[in-house]
Amino acid sequence: MGMLDIPIDHLWVDYIGLGGELPLAEIAEFVYGDSALPDRDYDRLAQALNELFMDRDEDHPFPYADEVDRPADT
Amino acid sequence: LTGKSDPEDQSFLSSLASVAYSQLTVTDVLELVVGLATQTLDDLIGASVSVHIQPGGRFETPTASSPVVRELDELQYGGRGGPCVDAILTGSEVRALISGVRYPEFEAAAAQAGVASVRSLPLLVEGNAVGALNLYSAKAPGLGQPDSSPAEGLASYAAIVLSNAMAWDKVQDANSRLTRALASRGVIGQAQGILIAREHIGPDEAFDILRRASQRMNRKLRDVAAELVDQASTHPPREPDPDANR
């Protein structure tokens, strides 16, 4: 996140644009804390981040749910 | 808007205060401020506004009364320093005599342009300097300069107007981001619907197909979705041929 330097509310709007439904507070809790996200929300957030990296000519550096071992709550 | 040449007459400030923000961009407002400064204050060679762009901390001069003034501002940026940058970084007014001691490169260029002193007033918004009003003078301060209050008044009004304009731009920006997000959400939903009907899968599997295609093609997911919707609507699947099984 530090590498991108974008406000969390911008990221959240992008996530909503990709069909996400969780409120800003839950996304912020995941990004800044250690709470887990369901796969569907994690993947939409990962996609939002990857599209921001895409704007910098970086090809999808952020792993999706099926590419990484991570605690999920689904 | 006409300038008042009498520095004692501060009615020009009310003309700034009555600016209709919704009809002006930030640049328009800053041009107004710089124009009023050069028309109102004595002995000025020129004036400009420096802004501190956040995030990133870059300095920029969106408005200057002349190309020379713009060059003098820009000679202070990129870590080289100068009174305008100092005023922003410290949040305090800086009055600098051009003596060639503190900022040799900037001061040499300033002297060549006929500048004897520089006054930079921070534009404070909630205690933070978001920019500075820079006044390049042909005279050194204290040599029969008129009362400084018009410049201070102008800077404080400029800060208010700039702060309002920045808030307005922020709202506009958030508005257009949300509008884009809603359009993107709509087309992605449509593409998911097509995939659900075509492949007999659930919505999350449909999203995964779009997501993988986005990754494979290195294209935004909404663009992949829009193309799929476009293809489906311009090339509908053929009606089943009633004679096919006969």
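The values are calculated or read from the model by the stated rules, or taken from the named source; none is laboratory data. Owing to the predicted nature of the structure, the values given are computational and were not obtained by experimental measurement. In this analysis, Cβ positions are derived from the backbone assuming ideal geometry, glycine residues included, and neighbour counts consider all displayed protein chains.
Structure notes:
- The residues on offer are B:Val69, B:Val118, and the sole one that is crowded, with 24+ Cβ neighbours inside 10 Å, not small (Gly, Ala, Ser) and not in a strand (DSSP E or B) is B:Val69.
- Tally of residues being aliphatic (A, V, I, L, M) and part of a strand (DSSP E or B) across the range B:95-115: 2
- Looking across the range A:9-25, the residues that are surrounded by 15 or more Cβ atoms within 10 Å (Cβ to Cβ) and more than 10 Å from chain B (Cβ to nearest Cβ) come down to A:Leu11, A:Leu22.
- Unique residue being within 13 Å of another protein chain (Cβ to nearest Cβ) and modelled with pLDDT of 90 or more when the list is A:Ala65, A:Ala28, A:Ala46: A:Ala46
- Within the range B:31-58, the only residue that satisfies the criterion of being modelled with pLDDT under 85 and assigned to a strand (DSSP E or B) is B:Ile53.
- Within the option set B:Val161, B:Val224, being touching a helix residue (DSSP H, G or I) at 6+ places or on another chain (Cβ under 9 Å) and within 14 Å of chain A (Cβ to nearest Cβ) holds for one residue only, B:Val224.
- Filter result (of a type outside the set (A, V, I, L, M), away from chain A (no Cβ under 13 Å) and surrounded by fewer than 15 Cβ atoms within 10 Å (Cβ to Cβ)) within the range B:164-206: B:Asp169, B:Gln172, B:Arg198, B:Glu199, B:His200
- Candidates B:Leu89, B:Leu123 - the one that is of a type in the set (A, V, I, L, M) and not in a helix (DSSP H, G or I): B:Leu123
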